[in-house]
Amino acid sequence: MKLLLVVGLLILVFVSPVLGEVKFEKWVQAFKSEAIEKGISSSLVEQAFEGVAPIPRIIDLDRKQPEGRMTFGEYRKKIVSQIRIQRGREMLAQHRDLLQEIGQHYGVQPRFIVALWGIETNYGKNTGGYSVVNALATLAFDGRRSQYFRTELMNAFKILQDRHIPLEAMKGSWAGAMGQCQFMPSSFLRLAVDYDGDGRKDIWKTQADVFASAANYLSQSGWRGNQTWGRRVQLPGSFNSKDASLKIKKSLTTWQKLGVRRNDGRNLPLVDMRGSVVLPDGKGGPAFLVYENFRVIMKWNRSTYFATSVGLLADAIGK
Ligand SMILES: [Ca+2]
């Protein structure tokens, strides 16, 4: 009995990884054929998969979502830190001319471009050190969201084939988000911009391409350059918490009548706009009245924590 158990364990320990490898190799072969069929050069495909194997750490990261366990208060403290605000002001000053030109071209206020850049990669400092091909291959082979990541991997190959970035420099986050604005390959193909005109959309190292790509993303998603994102507000005691929903839009006049005020107690601005009340931490937490641009930020990342923090950071940087 004991011997059988030991033999069984040995089989498990030594054979299952081998079987896993065989399965992955098969998967890679099928992907390579499809890529070549779709017009990716076979030498690029062969070169890109050299030494590629599933990365266990990426599977772990994909299974846990730390943001969900944090309150908005905790998230905000971390994401909109004093040091990030300070650095954002410096970046806005340092790149003022370029940001103003790009902001005007795309109709996006520079403070929002800088805020997204700051939150995504700490102003280009943390762009992620994973090989995008290896990260996406790991997630595409793993069962949880295979089809999505397989398509993103194919998109990554189109980017490589078009020579926007050399293979060894195509680095990104564990989930395959790339460069200083953390575009997934599909967003890159749709929205990245070669603003400096050198023939390559370089969101890794070319500042003009990074800013323009982020601005183009917002612009194409419906950004309104003459409006802000929203503001912190005070709610009256009589406020019906069912009204706090992105599904409910009312004019500012209506919110004013319902007793909603600016955070300093003053009346809401008398402008013809509609907004929704958002309570990221539920009743009793801070309240925000948010406009269309908030919804645009949520197209970038579908999280109210994220969108509110981008807005707050943009305001703090712009002050
Ligand atoms: Ca370029």
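The values are calculated or read from the model by the stated rules, or taken from the named source; none is laboratory data. Note that the structure is predicted; figures quoted are calculated from it, not measured. Counting neighbours? That spans all protein chains shown, and the Cβs are built from the backbone with ideal geometry, glycine included.
The figures follow:
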{"item": "Failed condition for S245, given (1) over 26 Å from Q182 (Cα atoms); (2) among the polar types (S, T, N, Q); (3) buried (at least 17 other Cβ atoms within 10 Å of the Cβ)", "result": "(3)"}
{"item": "Residue match in segment 125-140 (condition: within 16 Å of the ligand (Cβ to nearest atom), at pLDDT 95 or above and not in a helix (DSSP H, G or I))", "result": "no"}
{"item": "Residue selected from segment 239-269 under the condition modelled with pLDDT of 95 or more and assigned to a helix (DSSP H, G or I), by the criterion nearest to the chain's Cα centre (by Cα)", "result": "D243"}
{"item": "R190 part of a helix (DSSP H, G or I) and farther than 30 Å from G265 by Cα", "result": "yes"}
{"item": "Pair list, Cβ < 6 Å and 6+ apart or interchain, from segment 195-208 residues that are touching a residue at least 60 places away in the same chain (Cβ under 8 Å) to residues that are within 7 Å of the ligand (Cβ to nearest atom) and among the acidic types (D, E)", "result": "Y195/D209; A208/D196"}
{"item": "Single condition L191 does not satisfy, out of (1) surrounded by 14 or more Cβ atoms within 10 Å (Cβ to Cβ); (2) away from the ligand (no atom under 16 Å from the Cβ); (3) not assigned by TED's automatic domain parsing to the domain that holds E37", "result": "(2)"}
{"item": "Residue within segment 226-238 that is within 16 Å of the ligand (Cβ to nearest atom), modelled with pLDDT of 95 or more and under 30 Å from P269 (Cα atoms) present", "result": "no"}
{"item": "Index of the failed condition, N267 passing every other in (1) out of contact with any strand residue (DSSP E or B) (no Cβ under 6 Å at 6 or more places or on another chain); (2) closer than 19 Å to I119 by Cβ", "result": "(2)"}
{"item": "Subset of segment 221-244 [over 23 Å from V296 (Cα atoms), touching a Lys or Arg at 6+ places or on another chain (Cβ under 9 Å) and not small (G, A, S)]", "result": "Q234, L235, P236, F239"}
{"item": "Some residue of segment 195-215 being at positive phi and away from the ligand (no atom under 16 Å from the Cβ)", "result": "no"}
{"item": "Unique match (being closer than 17 Å to I102 by Cβ and among the β-branched types (V, I, T)) among V210, V271, V260", "result": "V210"}
{"item": "Residue under evaluation K26, criteria (1) modelled with pLDDT under 65; (2) closer than 20 Å to F141 by Cα, criterion not met", "result": "(1)"}
